[in-house]
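These notes are about the structure you will find just below.
No lab work stands behind these numbers, since they all come straight from the coordinates. For clarity, every value in this text was computed on a predicted model and none was experimentally measured. Glycine also receives a Cβ, built like all others from the backbone with ideal geometry; neighbour counts cover every protein chain displayed.
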């Protein structure tokens, strides 16, 4: 969670870093097309973007404390939470990893439609 060291290790290797996430955290490593990977790489190499993306991990301790406090009471609004079998989630999507929108686009669209149809 040391952002300076992490940035030092990743800077100049953004493509390898992103490819690791898109390939190794997917159920189907081909779900993220090469053109999309390259689009992410291009943006990650823009000034400040690598540091900004790494800040997510640096904020984990603070986020965990906030989550602990926020989960003390149940929400009173409709919630839908899904995650891939090869990742995590409240409800599980089979044959899916972390990248649910890329790996199971049709399933997610159908579930969102069903969710909003029942929320009204």
### Query
For region 1-70, what does the alpha-carbon gyration tensor say about shape, rounded, prolate or oblate, given a ≥ b ≥ c as the root eigenvalues, a/c under 1.5 as rounded, and a/b over b/c as prolate?
oblate
#### Entry: Using alpha-carbon coordinates, inclination of helix 49-58 to the longest axis of the chain, degrees
60 degrees
### Summary
Output ordering of 65-71, 109-115 (per-residue mean of other Cβ within 10 Å, highest first) is 109-115, 65-71
### Message
Per-residue counts of other Cβ atoms within 10 Å, averaged by peptide: what ranking do you get for 13-22, 75-84, 97-106, 37-46, highest first?
### Response
97-106, 13-22, 37-46, 75-84
### Query
222 nm [θ] for the chain, helices only, -39500 (n - 2.57) per DSSP H run of 4+, per residue, to 500?
-17000 deg cm²/dmol
### Task
Before anything else, pin down the relative contact order of region 3-70: Cα pairs under 8 Å, at least 6 apart, normalised by residue count, whole percent.
39 percent
### Convex hull per residue volume in Å³, alpha carbons only, for region 65-117
93 Å³
### the chain: Rg to Rh, with Rh as the Kirkwood radius over Cα pairs
1.03
